[in-house]
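Worksheet: the structure to be examined is printed underneath.
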Amino acid sequence: HTLSLHDALRSKGGFAAQVGAVFGGYVSITDCLDFGNGSFRISATLNCPTYFRASGNNATITQTNTALDIFSCATAYQWQIEGINFIGGRYQLYLENANTDVTRWRIDNCTFSLSSSFAIMTWPTGGATSHLSANLTVSKCAFYRPKQVLFNYCDSAIVEDCWVFVTKENFSAGKIGRAHV
């Protein structure tokens, strides 16, 4: 089960309004997919483009299938997400790429609730023996009872001004007093 956001973005003017080389990499500007203050229930993964911007005015996206992700991309290079509440699903944001040096992911003013795994998952295309030459910034977000908060392979990750609410289900028997964050 997958849904594509490509058609929605194309209807708003398309991708890559501007593309240019920057320090050996590429920068692309896309239109922003605006969820407004809507409430959306999905039962499939939303496969997003490589260059992706999404915003909401307290919008809510609920994934009803705990085995599927909400936003996912195997070639995520420059993403900006703000003002969206993510509920349910396995990974609420799944970000993967082939380790390109200009990768920047920024998540602002979002909430992540009740994920069945990590709320935010970063993964190198080369697998666990690789790393991501990437910059991840998570700012002013709240995490309400996710199974776990962040799985990070990025060279640089900044998590600032965030709030995490966990319960005893977030703790392992062998690691009393240590949350999986």
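Only the coordinates and a few stated rules stand behind these numbers; no lab work does. Not measured: the values here are computed from a predicted model. As a convention, Cβ positions derive from the backbone with ideal geometry for all residues, glycine included, and neighbour counts pool all protein chains shown.
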Using mean Cβ contacts within 10 Å as the protection proxy, how do 84-94, 68-78 order, highest first?
84-94, 68-78
To the nearest 0.05, what FRET efficiency results for CYS32 and ASN65 with a Förster distance of 30 Å applied to their C-beta separation?
0.70
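Once the other residues with Cβ under 10 Å from the Cβ of THR66 are scored (Lys, Arg +1; Asp, Glu -1), what is the net sum?
Details: positive: ARG90, LYS147; negative: none.
Every neighbour counted, the sum reads +2.
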Quickly work out the SER39-to-HIS131 label distance, labels modelled 7 Å from Cα along the C-beta direction, and quote it in nm with one decimal.
4.4
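Using a ≥ b ≥ c from the Cα gyration tensor of the range 41-168 (square roots of the eigenvalues), is it rounded, prolate or oblate, where a/c under 1.5 gives rounded and otherwise the larger of a/b and b/c decides, a/b for prolate?
Values: a/c = 1.42, a/b = 1.35, b/c = 1.05.
Cα axes put the range 41-168 in the rounded bin.
Shape call for the range 65-109 from the C-alpha gyration tensor, a ≥ b ≥ c root eigenvalues: rounded (a/c under 1.5), prolate (a/b greater than b/c) or oblate? All intermediate terms of the calculation are to be shown ahead of the outcome.
Numbers: a/c = 3.98, a/b = 1.41, b/c = 2.83.
Note, shape of the range 65-109 comes out oblate.
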